[in-house]
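Data block below; observations after.
Derivation of every value follows stated rules applied to the coordinates shown; laboratory data play no part. Computed from a prediction, not measured in an experiment: that's the story for all the values here. Methodologically, a virtual Cβ is constructed for each residue, glycine included, from the backbone with ideal geometry; neighbour enumeration extends over all protein chains shown.
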Ligand SMILES: C[S@@+](CC[C@H](N)C(=O)[O-])C[C@H]1O[C@@H](n2cnc3c(N)ncnc32)[C@H](O)[C@@H]1O
């Protein structure tokens, strides 16, 4: 029997209200850049006017297959990374939503290799149709490179020890190929445990971010949003950890002020492109009902009138 994995959407009403600028029946073109299982997308479609459009993106073929079940002429899905957002026509979009990270179906399916909670092949690619799996990368990467990834993307104090353990195991018994093998190696290398957290948490997060180029694609999508958003168009981004949130926060801040060119002190300042509107956290009730929501932060900004 086919298993239909489910995902509980985080900040559903808050994100959709922010994206649609509280309009009752908006008629523009909106982008859901992270379709997942379509929680946000279905709510957007329920609010959209008959002449509105929703363009969705997802890297994951299973998410795209789920999206194909939506029979609605206003809706389309692209099996693409959201870094491709800039292929849409300039100033054509009334709102872009990014709900970052992985979905529960990805995490909960052992075959995808995202979680140390289940044994499975060490893959972690969101798009399994291209690129290297984590196992393939770990089989040849230099220990120093492995340590840098685990330190920079996992903020893991024992990154060097973990990288050494991975390299030693490679020499002795061949490369790590399953999630359980990696979790066991990491547990042996991490000397102090953080309360309530599996010792492999930081390493798995780091490898996932790296193998999917998550932070680079986020930066590219944010840049592209400036081009595709029309004046007053909304940018709404939900992040789940500090590395992502820092990028979003700094991006909005950097484009929310006038920039003076110090070499040309009498020239007009470069105009601001965004106006920061809100920072929203899930309610206590939402976190109680869905613990995955606890680290979520939604940041909202509006494109200003001035086009670059
Ligand atoms: C947190 S889930 C989104 C859940 C969705 N909002 C819902 O309510 O069902 C994140 C989704 O974004 C996708 N994703 C992550 N990074 C992506 C990227 N760079 N380009 C396209 N899709 C991406 C993942 O494959 C996953 O399906």
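Here is how the numbers come out for the structure above:
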| quantity | calculated |
| --- | --- |
| Gain in span if fully extended, residue 250 to residue 219, counting 0.36 nm per residue against the direct Cα distance | 10.1 nm |
| Volume of the Cα convex hull of the chain, divided per residue and given in Å³ | 158 |
| Folded to 0 to 90 degrees: helix 159-173 orientation relative to the chain principal axis, Cα | 50 |
| Degrees separating the helix 214-228 axis from the principal Cα axis of the chain, which is the longest one | 10 |
| Hydrodynamic radius (Kirkwood) for the range 26-171, which is based on Cα pairs only, to one decimal in Å | 17.5 |
| Highest average packing first - 17-24, 294-301, 151-158, Cβ atoms within 10 Å | 294-301, 151-158, 17-24 |
| Antiparallel bridge percentage (DSSP; both residues within the chain; nearest 5) | 45 |
| Difference of contour (0.36 nm per residue) and Cα-Cα distance, residue 193 to residue 278 | 27.0 nm |
| Relative packing of 280-291, 34-45, which averages over residues the other C-beta atoms within 10 Å, highest first | 34-45, 280-291 |
| Rounded tilt (10° steps) of 242-255 against the dominant C-alpha axis of the chain | 30 |
| Relative contact order of the range 233-308, pairs being alpha-carbon contacts under 8 Å that are 6 or more residues apart, as % | 43 |
| Relative packing of peptides 171-177, 137-143 - highest average C-beta neighbours within 10 Å first | 137-143, 171-177 |
| Relative contact order [Cα under 8 Å, 6+ residues apart], the chain, whole percent | 18 |
